[in-house]
1. Among what's in the stretch 288-313 and is in a strand (DSSP E or B) and in contact with a helix residue (DSSP H, G or I) (Cβ under 9 Å, 6 or more places away or on another chain), pick the residue that is surrounded by the fewest Cβ atoms within 10 Å (Cβ to Cβ).
2. Among the residues of the stretch 137-147, are any farther than 13 Å from residue 56 by Cβ, assigned by TED's automatic domain parsing to the domain that holds residue 209, crowded, with 18+ Cβ neighbours inside 10 Å and out of contact with any helix residue (DSSP H, G or I) (no Cβ under 8 Å at 6 or more places or on another chain)?
3. So, in the stretch 289-310, how many residues would count as being modelled with pLDDT under 85 and under 27 Å from residue 97 (Cα atoms)?
4. Please work out which one of (1) at pLDDT 85 or above; (2) surrounded by 10 or more Cβ atoms within 10 Å (Cβ to Cβ) is the condition residue 338 fails and give its number.
5. Which ones in the stretch 60-77 are outside any loop (DSSP other than H, G, I, E, B) and touching a strand residue (DSSP E or B) at 6+ places or on another chain (Cβ under 9 Å)?
6. Consider the stretch 265-282. How many of its residues are surrounded by 12 or more Cβ atoms within 10 Å (Cβ to Cβ) and touching a helix residue (DSSP H, G or I) at 6+ places or on another chain (Cβ under 9 Å)?
7. Which of the residues that make up the stretch 110-142 are at positive phi and touching a residue at least 24 places away in the same chain (Cβ under 8 Å)?
């Protein structure tokens, strides 16, 4: 009896072992795909951040400053500290609208101080420390990077995205900067960027990002978890392609249809009025105080811009309604253009 059941038991154990091995290989394959997707998504996001930072620093410094993505490396405090040894400066940018998450741009203190002196119109000195003026200059830079990045993300995603910068952290090791990730652990990859100044490499910076800002990587994980469901959906779709189309009752096309915009008519949108704009040097901004006058790019009597979700739709003139300001429209875009701007 035992001699007959022995081979069967061994065969069963062998089959179970093979099933476990296939499961391990599938799990490893899924993990590799997720890691690769995270790295690729971080690289794409890093290019947007580097482009925004390059534009801001070049404008503020008055000379070419370029950040370019160099490589992706596995991320942890143990790998971060060797990349940026010594004291570092961290610039934290948090998503406040349209996205959720944190991104952290870490610089060697010497590189950041050099850029701060250039922003202030001073030639950097070797061994210079981070003064209060340098901190203010870097704070203004990260504020502008946040705005530029929000504009880039809004164009990429097709919806309003807003970022807000926090106070610049300095004098700590690179790994200690990761404390800004409070509720969500950072992505397991680091984006290392080269700093080019006046055409030559002057250092490196590291970008650390929340996984929630990398939706492509999350989508890969979701896709792997729902393979079976998708296969069933394909079969159902194939069957439905051979089914005749049956129009709904009373299905005549409505004249003047706005492609479903009627369903959104009760949605509230942010409307703002822009009086004008200007650009100031960091030095001029630091000198502002009560009583200071900032001259805008529009003359008295010029029409103001009316924006919906940061997109211009009309022009008008400022009026007084009781004790409140108001705007009387003088020109407005067509309904079709306004619908396009709402997308």
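The values are calculated or read from the model by the stated rules, or taken from the named source; none is laboratory data. Because the structure is a prediction, the values reported are computed rather than measured. Reconstructed Cβ throughout: ideal geometry from the backbone, glycine too, with neighbour counts over all protein chains shown.
1. 312
2. Residues of the stretch 137-147 farther than 13 Å from residue 56 by Cβ: none.
No, the stretch 137-147 contains no residue that is farther than 13 Å from residue 56 by Cβ, assigned by TED's automatic domain parsing to the domain that holds residue 209, crowded, with 18+ Cβ neighbours inside 10 Å and out of contact with any helix residue (DSSP H, G or I) (no Cβ under 8 Å at 6 or more places or on another chain).
3. So the answer is 2.
4. (1)
5. The initial filter retains those residues of the stretch 60-77 that are outside any loop (DSSP other than H, G, I, E, B), namely 60-61, 65-74, 77.
Within the stretch 60-77, 61, 65, 66, 67, 68, 69, 70, 71, 72, 73, 74 meet the criteria.
6. From the stretch 265-282, those surrounded by 12 or more Cβ atoms within 10 Å (Cβ to Cβ) are 271, 273-274, 276, 280-282; that's our starting set.
Then drop every residue that is not touching a helix residue (DSSP H, G or I) at 6+ places or on another chain (Cβ under 9 Å), which leaves 281-282.
Final tally of qualifying residues: 2.
7. Going through the stretch 110-142, the residues at positive phi turn out to be 121, 127.
Of everything in the stretch 110-142, just one residue is at positive phi and touching a residue at least 24 places away in the same chain (Cβ under 8 Å), namely 121.
For (1) under 23 Å from residue 198 (Cα atoms); (2) buried (at least 18 other Cβ atoms within 10 Å of the Cβ); (3) in contact with a helix residue (DSSP H, G or I) (Cβ under 6 Å, 6 or more places away or on another chain); (4) assigned by TED's automatic domain parsing to the domain that holds residue 104, each residue gets a yes or a no:
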residue: 120; (1), (2), (3), (4): yes, yes, yes, yes
residue: 125; (1), (2), (3), (4): yes, no, no, yes
residue: 150; (1), (2), (3), (4): no, yes, no, yes
residue: 155; (1), (2), (3), (4): no, no, no, yes
residue: 166; (1), (2), (3), (4): no, no, no, yes
residue: 174; (1), (2), (3), (4): no, yes, yes, yes
residue: 177; (1), (2), (3), (4): no, yes, no, yes
